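Q: The structure follows.
The values are calculated or read from the model by the stated rules, or taken from the named source; none is laboratory data. Model, not experiment: these values are computed from the prediction. When we count neighbours, we look across all protein chains shown, and the Cβ atoms used for this are built from the backbone with ideal geometry, even at glycine. These area figures cover heavy atoms from the full protein model, side chains too; ligands, DNA and RNA do not enter into them. Shrake-Rupley method; radii C 1.70, N 1.55, O 1.52, S 1.80 Å.
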Protein chains: 4
Amino acid sequence: MTATDHETVVHAMQPEDSADLRALYQGFKDNHLNPLWTQTGDLMPMHPKSKAVPHRWKWSTLLPLAQESGRLVPVGRGGERRAIGLANPGLGGNTYICPTLWAAIQYLGPRETAPEHRHSQNAFRFVVEGEGVWTVVNGDPVRMSRGDLLLTPGWCFHGHHNDTDQPMAWLDGLDIPFSQQMDVGFFEFGSDRVTDYATPNFSRGERLWCHPGLRPLSQLQDTIASPIGAYRWEFTDRALTEQLLLEDEGQPATVGQGHAAVRYVNPTTGGDVMSTIRCEFHRLRAGTETPMRREVGSSVFQVFEGEGSVVLNGETLRLEKGDLFVIPSWIPWSLQAETQFDLFRFSDAPIMERLNFMRTKVDGQ
Amino acid sequence: MTATDHETVVHAMQPEDSADLRALYQGFKDNHLNPLWTQTGDLMPMHPKSKAVPHRWKWSTLLPLAQESGRLVPVGRGGERRAIGLANPGLGGNTYICPTLWAAIQYLGPRETAPEHRHSQNAFRFVVEGEGVWTVVNGDPVRMSRGDLLLTPGWCFHGHHNDTDQPMAWLDGLDIPFSQQMDVGFFEFGSDRVTDYATPNFSRGERLWCHPGLRPLSQLQDTIASPIGAYRWEFTDRALTEQLLLEDEGQPATVGQGHAAVRYVNPTTGGDVMSTIRCEFHRLRAGTETPMRREVGSSVFQVFEGEGSVVLNGETLRLEKGDLFVIPSWIPWSLQAETQFDLFRFSDAPIMERLNFMRTKVDGQ
Amino acid sequence: MTATDHETVVHAMQPEDSADLRALYQGFKDNHLNPLWTQTGDLMPMHPKSKAVPHRWKWSTLLPLAQESGRLVPVGRGGERRAIGLANPGLGGNTYICPTLWAAIQYLGPRETAPEHRHSQNAFRFVVEGEGVWTVVNGDPVRMSRGDLLLTPGWCFHGHHNDTDQPMAWLDGLDIPFSQQMDVGFFEFGSDRVTDYATPNFSRGERLWCHPGLRPLSQLQDTIASPIGAYRWEFTDRALTEQLLLEDEGQPATVGQGHAAVRYVNPTTGGDVMSTIRCEFHRLRAGTETPMRREVGSSVFQVFEGEGSVVLNGETLRLEKGDLFVIPSWIPWSLQAETQFDLFRFSDAPIMERLNFMRTKVDGQ
Amino acid sequence: MTATDHETVVHAMQPEDSADLRALYQGFKDNHLNPLWTQTGDLMPMHPKSKAVPHRWKWSTLLPLAQESGRLVPVGRGGERRAIGLANPGLGGNTYICPTLWAAIQYLGPRETAPEHRHSQNAFRFVVEGEGVWTVVNGDPVRMSRGDLLLTPGWCFHGHHNDTDQPMAWLDGLDIPFSQQMDVGFFEFGSDRVTDYATPNFSRGERLWCHPGLRPLSQLQDTIASPIGAYRWEFTDRALTEQLLLEDEGQPATVGQGHAAVRYVNPTTGGDVMSTIRCEFHRLRAGTETPMRREVGSSVFQVFEGEGSVVLNGETLRLEKGDLFVIPSWIPWSLQAETQFDLFRFSDAPIMERLNFMRTKVDGQ
């Protein structure tokens, strides 16, 4: 027997029922012990079989609920954030979009401030629409605008304030589920107001670091997380545009035919922006369909622009601007673009890679 | 407010009850959404507060139950192993000694064979007493004797067989809880019998690698896990003995006064033996008491020899040969040696370090 | 005796002259042997005492000689390049600006082509003035303009062509002396013409890589040398400008008061652009004087703009645009800016750091 | 023209002689400039063509000269060591066995002391015969016996003393030529006597570190050089013996058929013992002939036991115990064993690898 399933063989080791056996099992129970042989294949499945399920959330549903929250729920110290977490239907009501990651829509009304705090958990924000909020990270005010990725690495103080008369909503991503299950989190309150209400166009981190291939001589120590606070849409868009132009010229630039993609990286190492979260942006030409792919670890996508669909474990889900979906570990997926199709992605791949659990399987490779 | 607790402020953000609010909450529920502001401080505690609790298992209880299992439960394909898992009382009946690790007593009767399989999960065995079993790892038969640490890194085929007329019990450690919660595991059945019933004193891995400071020129590629299959007691004992002798000579060799300790390492890198599990051995002189210490991540100790106690979160637990105890994340602990006190330790520290969540706090430092 | 000089003690070990001693010395000579005790402190000095000497070359001298070479010397296969090497006066006529590095002024007349070849030696070009030449590196045409740093890492094919009716001169830097003395160099001729006479504004390498913090998903393998072919002046200038503005705002951005500086790096690693050569750009505010500094390894500076001087081993040398000077290992140096003072620097620091020989000593630290 | 030799084309770029040209060349000379086009292919050869030549030194010649030195030359402060350096016949009388490395026979008479000093240069000693000397490295007395490799990494204080009434000779290897040419060396005198005349069987470094796969918990910081002071013959011999036994059993253990080999490594990293010097030991079964091989960088071998020969650039040199030979960069070589043939090897491979210049070419691969 070399490739069968647990279920077909698991009973091979079941002992005959007897008074002695029942006494033994009671002894186990009394002493906080569980025999391996009575446990199902869940413990060590043939391949990852997540309790998390593939799921899509529609922006057209999310945004009105966020707006209504803005109307009904104050923001302030204690609850800290007016954030609405996406809860994977398979994960028992926990606010886990997958076993490692948290995704939420955060909503900040006109002139509101979300107070400062810090925590071990790594966080980012991605802006699918709107502008006018500044997030202040370790005292550095960072403008948030459509298409920008903003980082708040673990243990950086941060708060947000809305400098306008319009509300703003965005996507928050964190490693809260991982931190909660692995018991790694520390938390500290900071200022009830943000420490700097300035609204500069560019943060100090950007001004110091966002010059391609140039490292300040005052910053030669590598950092665990990226020192870039804001990855601007202007650069992301240009990078993707160039990849497709290079592809048109017959040059090897895209990750697949019609599929441009960038990873956001820490310029001090060339690696992922944070220890637990990978962030990427993908652009598909209209008509492109990516090969069916499985990966260890979980991913979340948000549509930034365009229309298309994802085939998730055999089911096709249509996607429009703002829609989010989650791909649990080892679930096969493929993207299909009707128009030019722009998607932001984040995942727990750094965890899988650093602990040597990553595997991928791509159709036709 | 810079250092208060969640509980005191969490209600600051609670909105007034209303029909609209109830409709909003129903909308959340219908759409697999959870508002952050109704969740307790559990989500992001001020410091790690594990559901796992400190606990000790007595060898004098474990061994008779294992022996009785040997009498009543057959070993074979399906259940795969006659292993009795230690279930942390705080973790809801799961066979998790802590959120990341599995610990079990495995028992193999005279002339029995545990069939071959492989899995992504990393595993080791530590032998607190007995001998006579060989574990066959990727075809290499490895003798198991008292004091030895035997490795079965992820995706290596392995089975065991007892070459004697005496039963044998030992400690199994794996990263099953981590793998299960993070959805990273693959599994494959192998031969129903072990592939090689030879009983050499030394495995091929040891013969190739266990020469201090010498690397075979045929093995220059670094490996994810240690290529050493067996860390022999003879070497561990000698290393600890020398550290204490050097301390007697006034040399800096021990990790603390009266406290010798070694980490088992991968000779290709000098780092941990496996990506997720750290293994160490500690020896305390009689009368030694270690400073109170807290660490992110969980540890399990097994007493190898001697008597003493552990102070775990303020409670003193006496310890004898074979006793096991678990220290959940950030729980303070201190060891006290009545006699010379030898303890094997394993932990999830490589996970914490590789993902940059490690913190330690030691009294008086 | 703990800090004396060799010279005072070297004779302590000199034996009495005798016929036997002379026979012994003849035996050494006959058998290609040298006794250590007859060798001077040169072999192992108290600190680095380079045969190379500090020296400055004036651009006002170099450029006319380069122009005259353009008139008299054809460029083509064999000699390969119309390059005039700066020969350190202390290094016995070798074309070594220091023991590790080569620096030369290359001159290409109107419409001329320097044919393609490749070699193990790492190379770069820095443009102090002019434009109109494209260097074609592994088939990718790279525009050369004032202030740009252009890379030709080891074993990349490269040739140059002048697309205009004006000549152009620039600085070439290579690790030829290191390669020659260490016997590491390979060489291969390529096309007699460059393989692509296109004159795009931006090379393919720039279009793929020059987006700050963004890594193409098609380029996840780290590279030994930077994949950026051209570091444009526009970015360098902006980075330095921002550092000084941040300094004005009281932020830690400069490497010293009034002293902005960037290192050119490989975006796949955050480290030096090539294995043997470090490239940096320094800007001093008018009036700034850097602390006296010594470093292991050699540096070459070229003034890009402005006026000032360098104090080199106690001697003050005035500097204008285009002037070059070399600082041999452990020679103390300090820069003084009369106007805003912009300098390009390259050095062998990666060699020193990778082999763990780097030391620095800064006055007042 | 894609693969021709420099010599055939170098004159293609020679200008016509003229008064102007002579004036130009004079201008170059006056200003410390050399034109590239008048330089030969030496500067950038098609492949490494070392000035160093292959050469063998006979132990039967070296040892009597060392003994005679012992009779005629005192050892002491200033000359520091009674060491006779092997001077490559191609390197102009410098005491360089190759462009990077120094090799010398050091000789210490009965009861003599070589005083303490330290230097940036990395050093080792290898003992081809004899015993009775202790080398004291940073205060740790290290026994020197036949077959042992002893390390003195850069900037460690070290002296030697002979505890017996017999003289002793051994091989010293250092990176003096590299350090001298690259200007990286510092030197400091220490005690005129060694700081500890104890004669323990095992040094403290060995007692702390020479336990396979075990790292002291007090020593978790990686070190630039190996913390093992002595690599004992007993371990080396056993490792090689096991490799050949494993080969007999059909296991992949040797580096080639009949060719066992180990690299001495730093246990904190698994890498080379020192930044600039690689040390290895090779054992060939009688009758074994290694494939012809070329490598970038230079190697030195010393025969430890047995008889055979080396084919060096086509010339066969017979070898006996103690004989030394050098293989300059890119010179083809092959070993032939008449008896079981044991050889110690050291090389500058870490320099070549860390700076990415390594290439190898093996016949039939």
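Q: Taking the options B:GLY90, B:GLY85, B:GLY76, name whichever one is farther than 18 Å from B:LEU171 by Cα and in contact with a Ser or Thr (Cβ under 8 Å, 6 or more places away or on another chain).
A: B:GLY90
Q: Here's a follow-up. Count, please, the residues in the stretch A:309-335 that happen to be in contact (Cβ under 8 Å) with a residue 40 or more places away in the chain and open to solvent by 50 Å² or more (accessible area, probe 1.4 Å).
A: Residues meeting the conditions: 4.
Q: Is it fair to say C:THR113 is open to solvent by less than 10 Å² (accessible area, probe 1.4 Å) and among the hydroxyl-bearing types (Ser, Thr, Tyr)? Quick ask: steps written out before the conclusion?
A: Details: open to solvent by less than 10 Å² (accessible area, probe 1.4 Å): no; among the hydroxyl-bearing types (Ser, Thr, Tyr): yes.
When the stated conditions are applied, C:THR113 does not pass them.
Q: Here's a follow-up. Quick check: anything in the stretch D:325-339 in contact with a helix residue (DSSP H, G or I) (Cβ under 6 Å, 6 or more places away or on another chain), assigned to a strand (DSSP E or B) and among the aliphatic types (A, V, I, L, M)?
A: no
Q: Ok, one more. Among (1) closer than 18 Å to A:ASP172 by Cβ; (2) assigned to a strand (DSSP E or B), there is one condition A:ASN34 misses while meeting the rest; what is its number?
A: (1)
Q: Here's a follow-up. Hey, could you check the stretch D:225-249 for residues that are surrounded by 19 or more Cβ atoms within 10 Å (Cβ to Cβ), among the aliphatic types (A, V, I, L, M) and farther than 13 Å from B:LEU214 by Cβ and say which is nearest to the other protein chains (Cβ to nearest Cβ)?
A: D:LEU246
Q: If you check A:PHE281 against the conditions, is it more than 13 Å from A:PHE344 (Cα to Cα), within 11 Å of chain C (Cβ to nearest Cβ) and surrounded by 18 or more Cβ atoms within 10 Å (Cβ to Cβ)?
A: Answer is no for this residue.
Q: Without any contact (Cβ under 8 Å) to a residue 60 or more places away in the chain, open to solvent by 50 Å² or more (accessible area, probe 1.4 Å) and not basic (Lys, Arg): which single residue out of B:PRO291, B:PRO267, B:PRO252 fits that description?
A: Details: B:PRO291 fails: without any contact (Cβ under 8 Å) to a residue 60 or more places away in the chain; B:PRO267 fails: open to solvent by 50 Å² or more (accessible area, probe 1.4 Å).
When all the criteria are applied, what remains is B:PRO252.
Q: Is it the case, given these coordinates, that A:ALA261 is of a type outside the set (Asp, Glu) and free of Cβ contacts under 8 Å to residues at least 60 places away in the same chain? Spell out the reasoning first.
A: Numbers: of a type outside the set (Asp, Glu): yes; free of Cβ contacts under 8 Å to residues at least 60 places away in the same chain: yes.
So A:ALA261 passes the test.
Q: If only one of C:VAL273, C:VAL262 is touching a helix residue (DSSP H, G or I) at 6+ places or on another chain (Cβ under 6 Å), buried (at least 22 other Cβ atoms within 10 Å of the Cβ) and outside the structural domain of C:GLY173 (by TED's automatic domain parsing), which one is it?
A: C:VAL262
Q: Another question about this same structure. Check whether at least one residue in the stretch C:121-129 is within 30 Å of D:GLU353 (Cα to Cα) and facing another protein chain (nearest Cβ under 8 Å), and report yes or no.
A: Yes, that holds for at least one residue.
Q: Any idea which of C:ASN88, C:ASN94 is modelled with pLDDT under 95 and closer than 20 Å to C:THR276 by Cβ? Outline the logic, then answer.
A: On the way: C:ASN88 fails: modelled with pLDDT under 95.
Only one candidate qualifies: C:ASN94.
Q: Just a yes or no: is a residue in the stretch D:87-98 under 20 Å from C:ASN34 (Cα atoms), in contact with a strand residue (DSSP E or B) (Cβ under 7 Å, 6 or more places away or on another chain), more than 14 Å from chain C (Cβ to nearest Cβ) and open to solvent by less than 20 Å² (accessible area, probe 1.4 Å)?
A: Checked against the condition, which is being under 20 Å from C:ASN34 (Cα atoms), in contact with a strand residue (DSSP E or B) (Cβ under 7 Å, 6 or more places away or on another chain), more than 14 Å from chain C (Cβ to nearest Cβ) and open to solvent by less than 20 Å² (accessible area, probe 1.4 Å), the stretch D:87-98 yields no hits at all.
Q: Among the residues of the stretch C:176-193, is any open to solvent by 20 Å² or more (accessible area, probe 1.4 Å) and either aliphatic (A, V, I, L, M) or in the same structural domain as C:GLN340 (by TED's automatic domain parsing) (or both)?
A: Within the stretch C:176-193, none of the residues are open to solvent by 20 Å² or more (accessible area, probe 1.4 Å) and either aliphatic (A, V, I, L, M) or in the same structural domain as C:GLN340 (by TED's automatic domain parsing) (or both).
Q: Under the condition of being more than 8 Å from chain A (Cβ to nearest Cβ) and under 18 Å from the mean Cα position of the chain (by Cα), which residue from the stretch C:250-272 is nearest to C:LEU151 (Cα to Cα)?
A: Within the stretch C:250-272, the match that is nearest to C:LEU151 (Cα to Cα) is C:ASP272.
Q: Do we find a residue being among the small types (Gly, Ala, Ser), within 30 Å of A:LEU62 (Cβ to Cβ), open to solvent by 20 Å² or more (accessible area, probe 1.4 Å) and assigned to a helix (DSSP H, G or I) anywhere in the stretch B:38-61?
A: No, the stretch B:38-61 has no match at all.
Q: Take the residues in the stretch C:195-219 that are in contact with a Pro (Cβ under 6 Å, 6 or more places away or on another chain), within 27 Å of A:ALA230 (Cβ to Cβ) and small (Gly, Ala, Ser), then tell me which one is surrounded by the most Cβ atoms within 10 Å (Cβ to Cβ).
A: Ranking the candidates gives C:GLY213 first.
Q: A further question on this structure: Please state which of the following conditions C:ARG354 fails to meet, knowing it meets all the rest: (1) closer than 28 Å to D:PHE357 by Cα; (2) of a type outside the set (A, V, I, L, M, F, W, C); (3) open to solvent by 10 Å² or more (accessible area, probe 1.4 Å); (4) in contact with a Ser or Thr (Cβ under 6 Å, 6 or more places away or on another chain).
A: With respect to (1) closer than 28 Å to D:PHE357 by Cα; (2) of a type outside the set (A, V, I, L, M, F, W, C); (3) open to solvent by 10 Å² or more (accessible area, probe 1.4 Å); (4) in contact with a Ser or Thr (Cβ under 6 Å, 6 or more places away or on another chain), C:ARG354 is out only on (4).
Q: A follow-up question, please. What single numbered condition from (1) open to solvent by less than 10 Å² (accessible area, probe 1.4 Å); (2) on the phi > 0 side of the Ramachandran plot; (3) modelled with pLDDT under 95 fails to hold for C:GLY147?
A: Of everything listed in (1) open to solvent by less than 10 Å² (accessible area, probe 1.4 Å); (2) on the phi > 0 side of the Ramachandran plot; (3) modelled with pLDDT under 95, C:GLY147 misses just condition (3).
Q: Go through the stretch C:340-352 and give me each residue that's outside any loop (DSSP other than H, G, I, E, B) and at the interface with chain D (Cβ under 10 Å from one of its Cβ atoms).
A: C:PRO350, C:ILE351, C:MET352, listed by residue number.
Q: For D:LEU72, only one of the following conditions fails: (1) touching a residue at least 24 places away in the same chain (Cβ under 8 Å); (2) over 30 Å from C:LEU108 (Cβ atoms); (3) surrounded by fewer than 19 Cβ atoms within 10 Å (Cβ to Cβ). What is its number?
A: Of the numbered conditions (1) touching a residue at least 24 places away in the same chain (Cβ under 8 Å); (2) over 30 Å from C:LEU108 (Cβ atoms); (3) surrounded by fewer than 19 Cβ atoms within 10 Å (Cβ to Cβ), the odd one out for D:LEU72 is (1).
Q: Moving to a separate point now. For the stretch B:165-209, which positions are assigned to a loop (DSSP other than H, G, I, E, B), within 8 Å of chain A (Cβ to nearest Cβ) and either charged (D, E, K, R) or touching a helix residue (DSSP H, G or I) at 6+ places or on another chain (Cβ under 6 Å) (or both)?
A: The answer is B:ASP183, B:GLY185, B:ASP192.
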